[in-house]
Amino acid sequence: MDALMLDGNAVAGLLQEVFAVEMTTAVGTCGGCGASDAVGAVHVYRGAGIVLRCPHCDAALMKLVSAGSRVWIDCRGLRTLEVAV
Ligand SMILES: [Zn+2]
């Protein structure tokens with residue numbers, strides 16, 4: 001983990017607002033390496049937006065950009081996202 005990186009808990013509030021379920025315990029499967037892990041374990045990078053990266057292969061799992069009351073979400077790097085409902 002480097003100085004600019006946070007873990008998935010850093011974006012728990014935003015993800016929970018968007019998906020309306022508890023997201024830190026949601027399990028994502030990486031589209032790159034196939035590893036499954038809790039969202040709380042992903043690596044988070046903040047810049048103009050937020051990038052969630054796989055802790056195993058560093059592939060971009062999800063990108064989020066928010067502006068005002070709108071959020072753009074790119075989930076191309078996720079094979080699946082399992083949430084408790
Ligand atoms: Zn991966």
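The values are calculated or read from the model by the stated rules, or taken from the named source; none is laboratory data. Everything numeric in this text was worked out from a predicted model, so none of it was measured. In this analysis, Cβ positions are derived from the backbone assuming ideal geometry, glycine residues included, and neighbour counts consider all displayed protein chains. Heavy atoms of the whole protein, side chains included, go into the accessibility calculation; ligands, DNA and RNA do not. Shrake-Rupley method; radii C 1.70, N 1.55, O 1.52, S 1.80 Å.
Defining a contact as two alpha carbons under 8 Å apart and six or more residues distant in sequence, what relative contact order in percent does the chain show?
Working: 163 pairs, mean separation 25.2, N = 85.
Taking the mean separation of contacting Cα pairs over the length of the chain, I get 30 percent.
How big is the equivalent ellipsoid of the chain along its three axes, where each semi-axis is √(5λ) from the Cα gyration tensor, reported in whole Å from largest to smallest?
18, 16, 12
Which one, A12, S66, V83, is farthest towards the positive end of the dipole of the stretch 1-84 when Lys and Arg carry +1 and Asp and Glu -1 on their Cβ?
Projecting each Cα onto the dipole axis, the largest value belongs to S66.
Enter the accessible area per residue of the chain (Å², integer; probe 1.4 Å; all protein chains in place).
Roughly 59 Å² per residue, with all protein chains present.
To the nearest 20 debye, what charge dipole does the chain have about its Cα centre, counting +1 at the Cβ of each Lys and Arg and -1 at the Cβ of each Asp and Glu?
Here the size comes out at about 280 debye.
Per-residue counts of other Cβ atoms within 10 Å, averaged by peptide: what ranking do you get for 24-35, 62-73, highest first?
The packing order, highest mean first, is 24-35, 62-73.
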